[in-house]
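Notes for the one structure printed next.
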Amino acid sequence: MTTPRRVAFESLLIVVLLADAMQAVMWGGVLDAEVLEQDEGSGYTWDLEYVSPIVVATVAVAIIAVLFRRRYPGTAFFLTLPALVFSAIVPAAVALYSVARANSATMRRICACFAVVFVLNTLFGYGKVVRWWEPENWDSAETGLQNINWLVSSAAFAAAPAVLGLLARSRERRAALLRTVQRTQQRENELLVAAALARERAHLAREMHDVVSHQVSLIAVQSGAMQVTLADPDDRDRARVIRTLCRQTLDELRQMVGVLRAAGGGSTDLAPQPGLGDLPSLVHRSGIDAVLEIGVEALPAAVERTIYRTVQESLTNVRKHAPGARVSIGIRCVGGNIETVVRNTPGSGPVSRLPSARYGLRGIAERAEYLNGEFTAGPTAEGGFIVHLRLPSSPVSGREIEDG
């Protein structure tokens, strides 16, 4: 991946390589032509006519090889070695660093590359001028110290890129190991959370099955007995409705228990979910004086299910808080949105003091939010209550709504 930092580094490296190439061409041309002229007070002189094409070609190959060092570190290193003969030291140093940094390089290979750079640099670098291997250059203490200093500097020059490359490789390996550990810990935490959720859902499923289903089953049995024993046809009809509602409640409860026991571990085979086609039977079973108007056709399953649950919750609240009220239910398409309005008049009968956690309307509001819709509910000026649900006809949501 190319980053601004890497581009800046490569640009600076190219500048350094070009500067090193210029001095290598100058030194190579002078030494090969043996035209070292010592002018008093002026040092060595150099002329363009002494530039050797061989030196230029060798240094150019070395610079080009350095540009491909990341992909082919070994090949790039060997292509930079001939430039050491002409004192082009930077390409070999950079290539040696890349060899040491490569994951495929062994210590034996790195040591061999270090030895080659050390020998070539010692023989053809500074040694090409001072000729430290000649005995007369060790006659005095001063020249001997200079030669020793040169040998140590040459060894340090060859060792520094190798050591830095090994340090960079070690750092990369530690960073990769740290990322692996972090991913492992994150996965382990996710598994722990999933296991805790599975335990809680299993516990909730047991409680729902053992307590709620038991109580509803008793109600169904008692209503069935009342349906047989009662003499009044109206009372028998009420008992039949109670038994039917209990049976439907048990079916939905079994579906919710199945979802909870699955704990998110895969799909569960559920019965078909209710939709717009089930609204007439829902209104009929409620026993409420209600008028239902459906002005839309087939809609997405999530939208139909949310509309059904909204009407179901509204009718339940009417039975609990406004018995005897009249209800109007309208479902129509307005401006590309599906609007559901459930309005009831004030109740005329005694209010049932049934326990309520007030989660019904809150759950409908959450369903509407998941589908990018709107939900409002509140009292009317006449003393009744109105529920207004607006949903897009084609909802865009990344989350699937689960009943229960």
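Highest average first, the peptides 339-348, 173-182, 86-95, 64-73 ordered by how many other beta carbon atoms sit within 10 Å of their residues are 86-95, 339-348, 64-73, 173-182. Put simply, the amide H of Ala290, placed in the peptide plane, has neighbours under 5 Å in Val327, leaving out anything fewer than 5 places away on its chain. By its C-alpha gyration tensor, with a ≥ b ≥ c as the square roots of the eigenvalues, how is the range 274-404 shaped: rounded for a/c under 1.5, else prolate for a/b larger than b/c, else oblate? Prolate shape, in that a/c is at least 1.5 and a/b is the bigger ratio.
Applied to the range 360-374, the Karplus parametrisation 6.51 cos²θ - 1.76 cosθ + 1.60 on θ = phi - 60° returns per-residue 3J(HN,Hα) values of x, 5, 5, x, 5, 4, 5, 4, 4, 5, 4, 9, 6, x, 10 Hz, with x for Gly and Pro.
Along the range 318-326 the Karplus relation, 6.51 cos²θ - 1.76 cosθ + 1.60 evaluated at θ = phi - 60°, assigns HN-Hα couplings of 5, 4, 7, 10, 9, x, x, 6, 9 Hz to successive residues, with x for each Gly and Pro. Segment Ser348..Ala202, full-extension length gain: 48.3 nm, with 0.36 nm per residue of separation and the alpha-carbon distance subtracted.
No lab work stands behind these numbers, since they all come straight from the coordinates. Quick caveat, the model's predicted, so the values are computed rather than measured. All Cβ positions, glycine included, derive from the backbone under ideal geometry; neighbour counts span all protein chains shown.
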